[in-house]
1. Would you mind checking which residues have amide H under 5 Å from V379's amide H? H placed 1.01 Å from N; only 5 or more apart, or other chain.
2. Stokes-Einstein D for segment 42-144 at 4 °C, 1.567 mPa s, Kirkwood Rh over Cα pairs, in µm²/s?
3. Mind giving me the FRET efficiency for A346 and S93? R0 is 45 Å, r the Cβ-Cβ distance, nearest 0.05 is fine.
4. Ordered by packing density, taken as the mean number of other Cβ atoms within 10 Å over each peptide's residues, highest first, how do 52-65, 78-91 rank?
5. State, to one decimal in nm, how far the label point of A251 lies from the label point of S199, with both points 7 Å from Cα in the Cβ direction.
6. With +1 on the Cβ of every Lys and Arg and -1 on the Cβ of every Asp and Glu, and nothing else charged, how large is the dipole of segment 191-342 about its Cα centre, in debye rounded to the nearest 20?
7. For segment 109-262, give the magnitude of the charge dipole about the Cα centre (Cβ charges: +1 Lys/Arg, -1 Asp/Glu; no others), in debye to the nearest 20.
8. I want to check the label-to-label distance for K130 and A283. Put each point 7 Å from Cα in the C-beta direction and report it in nm to one decimal.
Amino acid sequence: MITDNQSHHRLTATAVYNSRNLTMFQTSRLRWLCCALLLCSTSAFASDWRAPETQMAEKISAITGPGVIALEISNRSSISSSEVDQIRRGITSALASSGIRVWDPDQASATAKVTLSENLQSYVWVVEVKQGAHETNMAIVAIPRPDSALAAQNALPLAIRATPIVTRSEPILDFALLEGTPRRALVLGEDSVTLYEESNGHWTAGQSIPINHSHPFPRDARGRIILRKDHLFDAYLPGIICHSTNGLPLAATCSQSDDPWPLGADTGLSAFFAPARNFFTGALVPGIGKQRSAPAFYSAAAISKPNYVLWIFSGTDNQIHFLDGINQQAAPRIHWGSSIAGAHAACRPDAQVLATPVDAADEDSVQAFEFPDREPLAVTQKLAINGVVTALWNAVAPDAANLVYRNAGTGNYEAVQLNLACGQ
């Protein structure tokens, strides 16, 4: 169990869940139609950026005075590329009214770097003006966001498909499914990595690779197993890293290590794990844009946007935090537990986050959400869990996540693969 406030879960053994929520769909469609009629959708609002363009030009002019400058614009928001071009032209035109000409950097006396970003309430434009070798000034323009039309309104419905993998009495920290036939899975425990093989619907334990460690693990130990291309896997546990060989029979070399843990197989982002606790410290490698740290967190998920990647962290302060490379925001209105993971269903344009919503009835579950803005939109029904979730990690398959829970009836640990099924 990761956190004290994590609620209990129930998992039914049925293969597919979550028929379409028609009430939610109809509400979303009605909201979209109202916005279209009132011309208040994001695209309608974004067609007129004249006020913030003028404000930004005035901020730059107050710093540089008349002359020649270079103008650079970086987009970290949901504003489209065509609108970014429009904004650049608008700022350039507004600068000309103040006696400032935008030209090549080699002939400019100053450089204005404008970053377009956003948070829950506003679009935030930040300009960094460099004059000479060392003089730098910054200014900010904030524009309230309109209510957005929900982009996911016409997408295919989703369901969460739960496939049981391995059940055992010993703790399961993580698992990884291997390609090929027969189906095989590597299961990470506190003291070993075990190879399981499926035959006629049953999983049988095979070779077990011991994990030797000289110090005790913390209570509620956590771990990750990551498949590799040049060898079979790396296993990460508190203060320990193990590297496997690439052939059978398998073997692994384990050593004490404070190396960061990868937050996903292909995200390129790693984080340092507190070896005496059960959470990540917040230090990131190599970082998210200009951000090198997040609040201490239990789990994280990434959502690719057209111009940036939005990272979502489940913090140890019981809040959800957003990092986009420029801004960091807390989202106190999102009530999730400590376990989240990223996924991307093939039939949806946007990525999803699988989370454990905190239920007023004290019943934990897993549900998928999308983020058309910075507010979560539920795109599946809840999948009930019959026990306590102990791990929820990103999986190798893009539409999947690895769930581990302790069964409330048997006390066993259950490893389950979750897949986002389209058209269910």
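1. A368, F369, E370
2. Values: Rh = 13.7 Å.
Translational D for this selection: 95 µm²/s.
3. Working: r = 43 Å, r/R0 = 0.96.
After rounding, the FRET efficiency stands at 0.55.
4. Values: 52-65: 19.4, 78-91: 17.2.
For the peptides 52-65, 78-91, the packing ranking is 52-65, 78-91.
5. My value for the distance between the label points is 2.7 nm.
6. Here the size comes out at about 460 debye.
7. With Lys and Arg at +1 and Asp and Glu at -1, about 280 debye.
8. My value for the distance between the label points is 2.8 nm.
All of the numbers you see were taken from the coordinates with simple rules; none came from a lab. Please read these numbers as outputs of a predicted model, since none were measured by experiment. Don't worry about glycine lacking a Cβ; one is built from the backbone with ideal geometry, like all the others, and counts go over all protein chains shown.
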